[in-house]
């Protein structure tokens, strides 16, 4: 959430910064801004409320020239979206700062700085940082030293970049709890909160570690750890090929990413399966030693990733015979918990920088879990670097805020993990071979589901005037119903709830009437007859049912019931298959409602604050 770009170069950097913001806009789009030091060492700043396009239009009228600059696209935490709250923030015309994260002691620091005579223009916690750096800079020999002393006074999370107009040859970056990466060019250096922002100008990156402060100039990089000692951080080359600015033939990134799911899953599976087995080493060199000792699993995640974990719990317990707990990261980290013996701590995050999930991992290490495994889409992210084992989903860059291909590749990753651990728990070789076969067939089945798009678009018309909806599922389809409800509320703003279908009679039936659409996922499994009874409970009360059913169920449509048939698949991969029509339903409802599909209000892609 929020996007940072900074550059030190011999050429004008405004277009580099602007393109970086465009590529990061999915992380925040309340406002955007840029500050550049020109050849006369004047600091010029331009900010606009709204999306990056507003800033781009303003730059056409008021161009900014210079080789050193910083830019930011904001997702509001402190202070409403407004131009005065937009970054960069400036102190006394000299120091400019862009910042991601939350400074928890900002009120104390604000009062302290006011007593020193600093005037606050915005409502943000970030303005505290820039004034504090300015204050400290008066008594230090360099901007680097001023930032190093400043961060010692900050409590909370930050990824930030600071610039001093009096010394435009350098930028200073610092990270604690919020990601920051250095881009290495030829005669130019960059900062960004995500490598995606810098792919047009470099593919060489250095990821800062927790507590690092870095100084970049056009031809030099100096990094210091939390204690102030110089350190070397490994440089890596990005292999990302996705162009975030290209929707191709699709109207929205979300639709493009829905259709990319068959290929994304092929990428997830590539090189990780034999004819009948999951290749254990795909999870890391120490996977054998760790998996052979696992007695239980603790899964930690947030949002959509949490739903993936809930599906995985069913798989771990029913297929692998391993006890599994799943918890929301923000709850886990603030309660006392008992650490089971030989428990594998599994975290899931698309970005690998989700603040609550990362904090939960660090807490787990203190508590003494046997080992940790990260399932993630971003190599080099904090979650990956800090875990004992890591499994990359290879979904490719996901730009739409509502997760699609990241979710289905997480489910595929979990099913592979279930197979890998299950072989140590007495799971038969035949069962593992069935899982492998089902996974290999999955991309083809997904392509068949995508062919239902036109029919689902027509179905979506029924939701055009609705304000509420229910989603129902049983067993491992209940979390899929939860994910379907989340997608609908995220992008169409229709209030949606999911229930385990058997819970209808314990309260939710009171909501059923002709204005409440009820979406049901109905695979052909041993819970089908129970699910049919729950559907009859809805029909008897005048509810309108929209059923996505395995064609083998032979469920019939009729008055108050519309059935969309899904190609029959192996039960083990059914949750993945049934996810896709719910994604399409949400997408087309949002189109009808006229909402912003890729950038829904109040949301951002990667939540790097609590």
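The values are calculated or read from the model by the stated rules, or taken from the named source; none is laboratory data. These figures come from a predicted structure and were not determined experimentally. Don't worry about glycine lacking a Cβ; one is built from the backbone with ideal geometry, like all the others, and counts go over all protein chains shown.
Miscellaneous remarks
- Counting the residues of segment 318-351 that are touching a helix residue (DSSP H, G or I) at 6+ places or on another chain (Cβ under 6 Å), in contact (Cβ under 8 Å) with a residue 40 or more places away in the chain and either under 12 Å from residue 306 (Cα atoms) or in a loop (DSSP other than H, G, I, E, B) (or both) gives 6.
- Residue check, residue 167 under 29 Å from residue 49 (Cβ atoms) and assigned by the TED database to the domain that holds residue 87: no
- Looking across segment 2-32 at every residue that is assigned to a strand (DSSP E or B) and under 23 Å from the mean Cα position of the chain (by Cα), the one that is nearest to residue 95 (Cα to Cα) is identified as 6.
- Among the residues making up segment 33-54, those that are farther than 15 Å from residue 6 by Cα and over 29 Å from the mean Cα position of the chain (by Cα) are 39, 40, 41, 42.
- Selection from segment 57-74 of residues that are part of a loop (DSSP other than H, G, I, E, B) and either touching a residue at least 60 places away in the same chain (Cβ under 8 Å) or closer than 12 Å to residue 30 by Cβ (or both): 66, 67
- Residue that is touching a helix residue (DSSP H, G or I) at 6+ places or on another chain (Cβ under 7 Å), touching a residue at least 40 places away in the same chain (Cβ under 8 Å) and at positive phi, where the choices are 475, 422, 426: 475
- Candidate set: segment 362-408, residues that are buried (at least 19 other Cβ atoms within 10 Å of the Cβ), in contact with a strand residue (DSSP E or B) (Cβ under 9 Å, 6 or more places away or on another chain) and part of a helix (DSSP H, G or I); chosen: the one modelled with the lowest pLDDT: 382
- Residue 211 being over 24 Å from the mean Cα position of the chain (by Cα), assigned to a loop (DSSP other than H, G, I, E, B) and within 15 Å of residue 148 (Cβ to Cβ): no
- Residue match in segment 508-520 (condition: within 22 Å of residue 310 (Cα to Cα) and surrounded by fewer than 23 Cβ atoms within 10 Å (Cβ to Cβ)): yes
- Boolean, residue 339 is at pLDDT 95 or above and on the phi < 0 side of the Ramachandran plot: no
- Take the conditions (1) within 21 Å of residue 22 (Cβ to Cβ); (2) in contact with a helix residue (DSSP H, G or I) (Cβ under 6 Å, 6 or more places away or on another chain); (3) surrounded by fewer than 16 Cβ atoms within 10 Å (Cβ to Cβ); residue 73 misses just one of them, which is (3).
- Of all residues in segment 130-144 being out of contact with any helix residue (DSSP H, G or I) (no Cβ under 7 Å at 6 or more places or on another chain) and surrounded by 17 or more Cβ atoms within 10 Å (Cβ to Cβ), the one that is nearest to residue 49 (Cα to Cα): 130
- Screening residue 99 with (1) out of contact with any strand residue (DSSP E or B) (no Cβ under 6 Å at 6 or more places or on another chain); (2) closer than 20 Å to residue 355 by Cβ gives one miss only, at (1).
- For segment 29-37, the criterion of being in contact with a strand residue (DSSP E or B) (Cβ under 7 Å, 6 or more places away or on another chain), over 26 Å from residue 351 (Cβ atoms), assigned by the TED database to the domain that holds residue 168 and surrounded by fewer than 19 Cβ atoms within 10 Å (Cβ to Cβ) is satisfied by no residue at all.
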